[in-house]
1. Identify the residues of the range 318-359 with backbone N under 19 Å of a label point that sits 7 angstrom from the Cα of Leu381 along the Cα-to-Cβ direction, or state none.
2. Among rounded, prolate and oblate, which fits the range 203-313 when a ≥ b ≥ c are the square roots of the eigenvalues of its C-alpha gyration tensor, a/c under 1.5 means rounded, and a/b larger than b/c means prolate?
3. Dipole magnitude of the chain about its Cα centre, charges +1 at Lys/Arg Cβ and -1 at Asp/Glu Cβ only, in debye to the nearest 20?
4. Picking from Gly353, Ile173, Ile111, whose Cα lies most toward the positive end of the charge dipole for the chain (charges on Cβ: Lys, Arg +1; Asp, Glu -1)?
5. Could you work out the helix-only [θ] at 222 nm for the chain, with each DSSP H run of four or more residues adding -39,500 (n - 2.57) and the total divided by the number of residues, to the nearest 500 deg cm²/dmol?
6. Can you give the local net charge around Gln20? Use residues other than it whose beta-carbon is closer than 9 angstrom to its beta-carbon, Lys and Arg +1, Asp and Glu -1.
7. On average, how much accessible surface per residue is there in the chain, in Å², for a 1.4 Å probe, leaving out ligands, DNA and RNA?
8. Place the peptides 109-121, 272-284 in order of packing, highest mean first, counting for every residue the other Cβ atoms within 10 Å and averaging per peptide.
Amino acid sequence: MWRDLAPVGRDAASGGYFRQPWTGAESELRAWFGEEAAARELDVEVDGLGNTIAWWDPAGAGRRGGVLTGSHLDSVLDGGAYDGPLGVVSALAAVDVLRSRGEAVASPIGIGVFVEEEGSRFGLACLGSRLATGATTWDRARELRDRDGTWLPDAVSAAGLDPSRGLVDLSGITAFVELHVEQGRDLVDRGAAIGVASEIWPHGRYRFDFRGEANHAGTTRMEDRRDPMLTYAMTALAANKQARTAGQRATFGRVEVTPNGTNAVPSQVTAWLDARCDSDATLAALVGDIERQGTDRAGRDGTHLAVTAESVSGAVRFDAGLAQRIAADHEGGDWPVIPTQAGHDAGILSAAGIPTAMLFVRNPTGVSHSPEESADTADCLVGVQALADTLARLAS
Ligand code: GLV
Ligand code: MN
Ligand code: MN
């Protein structure tokens, strides 16, 4: 499976992946998934957005009471190979393991692939699972535009899908288990191949629009400028300091400058803040502090700052009993139960009331959202066994 996936959406220069939703790369990935499902004689449902579930139902129980696993196939811009695909490949492999073991599986097992998990194109993280669970509405989603100005419904239609066909039905799902590459160094530091998630930190994306006045870079005296780049620069420094001193996370990773010319003071800078904190209240306070410092600076620079929340995900505490049951009683000891600062569809399904768990597979570099993301084959195989064992427990 990895051999087939390796070239899809890969940038030759960086070695990273550009698998944005409703693009050619993503269509190839959807076709690949369809072929893998067909080779296993799974029953595939694809909804109007491209969310897909492939069902294995050896007992002929029907869809209700099903156990869902899977993840996503899209990537961030210049992402790694594993964030998302590891959960999908491992789910297919886990079904192979259960079949070869002749495991008595009473409930159907679905392998789900959710679209636009990263929010890399339309800015709203976990868009597919948010829509499928009702966490957001189509009326809101249809107003989203990508960086080129393409409306979401047009992007979906251009990919050969029909948004009016509705969404996958998650109402009968009794449990969701998402396996994911770990995105930090916790498991490396513990010397553990597998971990189980306890919680996801609350996180959000906020658009900061700094408006100033375009002017000549040579003839405008320094004291006469209204330069939004300065306000942005100071706000980025303040965000870093504020998060560092509070033990939280704040990142400006995307900036657009208008008109983006070397010899002009810009008229506008738009920058996106990604902030993550250990509680909802801390997140609100951190973003509020950064906005306040940016606004104070705008007052001194003669510029203006407006902040818009584009994607906010509250704290998720996974079902503690389920996590403990999954983590307990393994050869070599219990698997560690650890928090994560990364967002996942599992968080959306958990918030929708579906008992949800996550398995993490050790990442030797600890790097993610980068071509340097890594996973060893031996650990991935342990992950497949762990997922198969977990699904067997839940579906039997
Ligand atoms: C998704 O991986 C995120 O945490 O942003
Ligand atoms: Mn992911
Ligand atoms: Mn990711």
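1. The answer is 331-332.
2. Prolate is the answer for the range 203-313, as a/c is 1.5 or above and a/b outweighs b/c.
3. 800
4. Gly353
5. It comes out at -10500 deg cm²/dmol, rounded to the nearest 500.
6. Here the charged neighbours net out to -3.
7. Per-residue value: 42 Å².
8. Top of the packing list down: 109-121, 272-284.
The values are calculated or read from the model by the stated rules, or taken from the named source; none is laboratory data. For clarity, every value in this text was computed on a predicted model and none was experimentally measured. Heads up, the Cβs are rebuilt from the backbone with ideal geometry, glycines too, and the neighbour counts pull from every protein chain shown. Note: accessible area is taken over every heavy atom of the protein model, side chains too, but ligands, DNA and RNA are not part of it. Shrake-Rupley method; radii C 1.70, N 1.55, O 1.52, S 1.80 Å.
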